[in-house]
Amino acid sequence: MIKTAEYVSLGHPDKIADYITSYILDRFIEQDAKTRYAVEVMVKGNTVVLGGEICSKVQNAPFEQYVKAALREIGYDERYAKIWGDKAIDVRKVEVINLVGTQSCEIAQGVDNDGWGDQGVFVGYACKGAENLNRELYLARKLNREIYKKARQSNNLGLDIKTQITLDDSGRILTAVAAVPMLEPEDLSSFIAEVLGEQPAQIIINGAGNYTTHSSIADCGITGRKLAVDFYSTASAVGGGSPWTKDATKADLTLNLYARRLAVENLADNDEVWVYLSSCIGKAELPSAVLKWRKDNACGERDLQVESRPSVLIKQLGLDKPVYAALCRTGLV
């Protein structure tokens, strides 16, 4: 069976949006660990729109300062703006539209009683192999991250990077695809083969031709649009919503992280494991917790007995600390 997975860098417009909201949440948690947070971001041109709800002891937060600091961490700093000019987002020209309100008191009353702040189904996946990930996604991620590192040091390569890997039945690389902004065309074929550790049958760099205009200048970035990239590509269903736009009481991050941990812990001698958790808004108990496994040609499933209290899981996973930008940078796994 031929398998394909893609990955995008932090410089991609949708991931810019994810990173901005994760960065802002970190700044709030530094000052108030009990901050309740659900903020979506849209980035177009040099305008950043924030919309959502926050309940926190933090007052008069400098949102524009936070947004620009997040952009600089991605690599869209003043140096980058001087190199690329109007072909990429320019931190010097960024304007922020703030549409953030406060959390619903009805939701708050359930969370205050150690219940989950939303409901849904969350999925964890693990398989044999590097990082317990499906090989096509592992390689797409590895390649993307190495090109991104190279671009951070380059005066020619841009940060809005997409990679894609296709494997044949034996796991060999049929096609490696990379889309990378370039001021001048640059052949990355040897670099790509070196990173992947083998020579793909085909390497495609910028399939539509060389391009320069990128990031939110060329495309609109919105939080939560890269869930297959953030999770497990086509190897597993995506559970819940975006993990990057909410604090840990909302479950989209917490229970997805927990499900992944449970999948890895239960991998043992299985080939693949899926863990499905569900939550009910306002309640600590999980309506369901199921493990499914595959080994050779056999499959099975069983119920799981798991910890489900938000306060306990948040502590166990370290989500009461400013770790959200780091998680957004490296991924759930």
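The values are calculated or read from the model by the stated rules, or taken from the named source; none is laboratory data. Just so you know, these numbers come straight off a predicted model, no measurement behind them. Ideal geometry is used to build each Cβ from the backbone, glycine not excepted, and the neighbour counts take in all protein chains shown.
So here's what we get for this one:
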{"quantity": "Residue identified as more than 30 Å from GLY282 (Cβ to Cβ), in a loop (DSSP other than H, G, I, E, B), aromatic (Phe, Trp, Tyr) and at pLDDT 95 or above among TYR76, TYR80, TYR66", "calculated": "TYR76"}
{"quantity": "Enumeration of residues in the stretch 86-123 that are part of a helix (DSSP H, G or I) and modelled with pLDDT of 95 or more", "calculated": "ASP86, LYS87"}
{"quantity": "Selection count where residues are surrounded by 16 or more Cβ atoms within 10 Å (Cβ to Cβ) and in contact (Cβ under 8 Å) with a residue 40 or more places away in the chain, scope the stretch 70-87", "calculated": "8"}
{"quantity": "Qualifying residue in the stretch 194-201 (condition: at pLDDT 95 or above, assigned to a helix (DSSP H, G or I) and surrounded by 15 or more Cβ atoms within 10 Å (Cβ to Cβ))", "calculated": "yes"}
{"quantity": "Top-ranked residue in the stretch 5-54 [being farther than 24 Å from TYR80 by Cα and polar (S, T, N, Q); ranked as surrounded by the fewest Cβ atoms within 10 Å (Cβ to Cβ)]", "calculated": "GLN31"}
{"quantity": "So ALA126, is it closer than 28 Å to ASN256 by Cα and at pLDDT 95 or above", "calculated": "yes"}
{"quantity": "The listed residue being at pLDDT below 95, surrounded by fewer than 21 Cβ atoms within 10 Å (Cβ to Cβ), of a type in the set (D, E, K, R) and outside the structural domain of THR35 (by TED's automatic domain parsing), out of ASP303, ASP269", "calculated": "ASP269"}
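Yes/no matrix, rows are residues, columns are (1) in contact with a strand residue (DSSP E or B) (Cβ under 6 Å, 6 or more places away or on another chain); (2) among the polar types (S, T, N, Q); (3) farther than 19 Å from GLY241 by Cβ:
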site: LEU267; (1), (2), (3): yes, no, yes
site: TRP274; (1), (2), (3): yes, no, no
site: ASN297; (1), (2), (3): no, yes, yes
site: ARG309; (1), (2), (3): no, no, yes
site: LEU327; (1), (2), (3): no, no, no
